[in-house]
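Each remark here refers to the structure printed beneath this line.
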Amino acid sequence: MDTIASIFSFITTPVSWVIVQFHSVYGAIFGADTGWAWGLSIVSLVILIRICLIPLFVKQIKATRAMQTLQPEMKKIQERYKNDKQRQSEEMMKMYKEAGTNPLSSCLPILAQSPFFFALYHVLNSIASNDTIGVINNRLLESAQKAHIFGAPLAAKFTDNSNKVEALGASLTDVRVITAIMIVLMSASQFYTQRQLMTKNVDTTVKTPFMQQQKMLMYVFPIMFAVFGINFPVGVLVYWLTTNVWTMGQQMYVIHNNPTPGSKAQASYLERLQKHVLKHGKTRSRGEKAIVKAIVAKGRDRNEFERKFINGLNKAGLAAQSDGNVVKSEVSNVVEAEDGTPATGGAPKRQQPKRQSKSRRQSGSAQGAAKAAGESEPKTSLTKSDETQDAKPGPKPAGGKPASGGTRSKAQSGQRKGPQRPKSPSKK
C-alpha cells in the first residue's frame, strides 16, 4: 500500500493544503488539536471531491444503463465469433462506438477518486511516522498526532502494536474497537448501496450476464473493504466511510427521481407522477416534462409500466404531448394494447340499442300508425312497401307487364283499420 501511495505523491501537496485550510476553519471552532477539527477536515475534503465528480457520476449512470441494453447484442457477438477473438473484439468496439459508450465509463468516479484516496493515505501514514509532508509542518504534525476520534488517534491502524499506539497517546483496545466499528459500517454501506441498485434500479425485463456480475460484486466489494480496512489509518477509514455514505445517498436520489426504465423504481416513480399529474391536471417541473416526453417518444417500445401510465392518463381524460406537457383530451377511455397500439382503434365503442319488450313494441306500432294517418312516414329499405297492393292498375305496356302503381294518398292510408304491426326484415 505504501508503494502505491508513493506513486500518487505528486498530489499529496494539494490534498494536504486542502486539509490544512479546512482545519484552520474548524480549529477556530472546536480547537486546533481536537479530533473534531481534523475529522471534519477530512469529511469536508471528501465532500469537495465528490461535488467535483458529479459530472462523472452522471456519465457513469448513462454508461451503466447503455451497457445493460447492449448485453443481449454482446452475447450474440460472442456466440457468433467465439472462435475468432480478434473479430469479436472488433465487433465489440464497433458496437460501443455506435452506442456512444464503453465499459470504462461506469468506473470513472472510482478511477478519478483513487489518486485523492492514496494521497490522503500517504499523508496520514507520514503523520503516523512523524514525518512532515506537503504543507503540513512540524506544528501541524504535532497537532494531528494529538487528535483523537472517539479515543482512536487519526493515524492509528487496527494492525498497529501496543507500543506504537501508546506512542500516539491511546490504548490498543480503543483503537481496535473504533477501527472495527468503522470497518463494519464501511462494508455495510457498500453492500447496501450495491443491493439497492440491484433490487430497485435494474431492468427486470432483460436478463443478462451483467446482472449476475453485479450480484457477485455486491458480495465481493464489502469483503474487499473489510480485508483492506484493517490496514487503513483511522483518518482513511473516516474518508472511505464518508464517501460510501455520500454514494449511498446519491444513489437513493437517482433511484427516486430518475430510475432505470423497466425497473421497480420506475414503476413506483410513474405511480407517484400519475397521482401528481391527475391532481394538478398538468406536469409542473422540468424533470416531469422530460420523463413524459421520453415516454411519448418511445411509442410502441414502451414497457408495461409506461403503458400503464399513459392508459391512466387517457382514462382520466388527459393526453400526454410530445413536448412533455399534459392536456385535456376530447376522446377518453382509449387504452393501449400490449404492443402500444390503441386497443379500441382510437374511437369509443358504439353503444348497442337495448332490446324492447313486446308491449312497448306494440305501443310503438300503434303510435306509428296514428302518426301515419296525419302524414306519411319516410320509407326505408328495410320495410316492405305496400304501394303495389293499394295502387290502381294502369294500362299494361307493350311487354305485357303492368305499369308501376302510384303512391298512396293520405286518405287511402287512413282507410286502414286498426294498428298494423310493421313487418320486420328477414333475418339472413
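The values are calculated or read from the model by the stated rules, or taken from the named source; none is laboratory data. Nothing here was measured: the structure is a model prediction, and the numbers come from that model. Every residue, glycine among them, receives a Cβ derived from its backbone with ideal geometry; neighbour counts consider all protein chains shown. Ligands, DNA and RNA are stripped out before the accessible areas are found, and what is left, the full protein with its side chains, is counted by its heavy atoms. Shrake-Rupley method; radii C 1.70, N 1.55, O 1.52, S 1.80 Å.
Listed values, structure above:
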quantity: Failed item, numbered, when residue 29 is tested on (1) surrounded by 14 or more Cβ atoms within 10 Å (Cβ to Cβ); (2) within 30 Å of residue 149 (Cβ to Cβ); (3) aliphatic (A, V, I, L, M); calculated: (1)
quantity: Residue ID - farthest from residue 320 (Cα to Cα), chosen from residues in segment 231-251 that are in contact with a helix residue (DSSP H, G or I) (Cβ under 7 Å, 6 or more places away or on another chain) and open to solvent by 60 Å² or more (accessible area, probe 1.4 Å); calculated: 245
quantity: Looking only at segment 213-222, and only at residues there that are farther than 24 Å from residue 253 by Cβ and open to solvent by 60 Å² or more (accessible area, probe 1.4 Å), the one that is modelled with the lowest pLDDT; calculated: 213
quantity: Qualifying residues in segment 68-94 (those that are open to solvent by less than 50 Å² (accessible area, probe 1.4 Å) and farther than 17 Å from residue 258 by Cα) - the one farthest from the chain's Cα centre (by Cα); calculated: 81
quantity: Among the candidates 210, 225, residue that is under 27 Å from residue 55 (Cα atoms), at pLDDT below 75 and open to solvent by less than 50 Å² (accessible area, probe 1.4 Å); calculated: 210
quantity: Residue match in segment 303-312 (condition: exposed (fewer than 13 other Cβ atoms within 10 Å of the Cβ) and either within 30 Å of residue 190 (Cα to Cα) or modelled with pLDDT of 85 or more (or both)); calculated: yes
quantity: Selected residue [open to solvent by 40 Å² or more (accessible area, probe 1.4 Å) and at pLDDT below 90] from 267, 316, 320; calculated: 316
quantity: Verdict on residue 173 being open to solvent by 80 Å² or more (accessible area, probe 1.4 Å), modelled with pLDDT of 90 or more and not hydrophobic (A, V, I, L, M, F, W, C); calculated: yes
quantity: Residue in segment 147-161 that is at pLDDT below 90 and in a helix (DSSP H, G or I) present; calculated: no
quantity: Flag for residue 300 being touching a Gly at 6+ places or on another chain (Cβ under 7 Å) and either open to solvent by less than 40 Å² (accessible area, probe 1.4 Å) or at pLDDT 90 or above (or both); calculated: no
quantity: Of the criteria (1) open to solvent by less than 40 Å² (accessible area, probe 1.4 Å); (2) without any contact (Cβ under 8 Å) to a residue 60 or more places away in the chain, which one residue 145 fails; calculated: (1)
quantity: Pairs with Cβ under 6 Å, 6+ apart, first in segment 170-195 and more than 30 Å from residue 255 (Cα to Cα) and touching a residue at least 60 places away in the same chain (Cβ under 8 Å), second open to solvent by 30 Å² or more (accessible area, probe 1.4 Å) and not in a helix (DSSP H, G or I); calculated: none
quantity: Whichever residue in segment 272-297 is touching a residue at least 24 places away in the same chain (Cβ under 8 Å) and among the basic types (Lys, Arg) and, among such residues, is surrounded by the fewest Cβ atoms within 10 Å (Cβ to Cβ); calculated: 282
quantity: Residues of segment 18-51 classified as touching a strand residue (DSSP E or B) at 6+ places or on another chain (Cβ under 9 Å) and in contact (Cβ under 8 Å) with a residue 60 or more places away in the chain, total; calculated: 6
quantity: Residue pairs meeting the criteria (Cβ under 7 Å; at least 6 apart or on separate chains; first under 12 Å from residue 283 (Cα atoms), in segment 305-329; second of a type in the set (D, E, K, R) and at pLDDT below 90); calculated: 318/328; 323/293; 324/289; 324/293; 325/282; 325/289; 326/282
quantity: Scan of segment 217-249 for residues that are not β-branched (Val, Ile, Thr) and not in a helix (DSSP H, G or I), ordered by number; calculated: 231, 232, 233
quantity: Odd one out for residue 260, checked against (1) open to solvent by less than 30 Å² (accessible area, probe 1.4 Å); (2) more than 26 Å from residue 53 (Cα to Cα); (3) touching a residue at least 40 places away in the same chain (Cβ under 8 Å); calculated: (2)
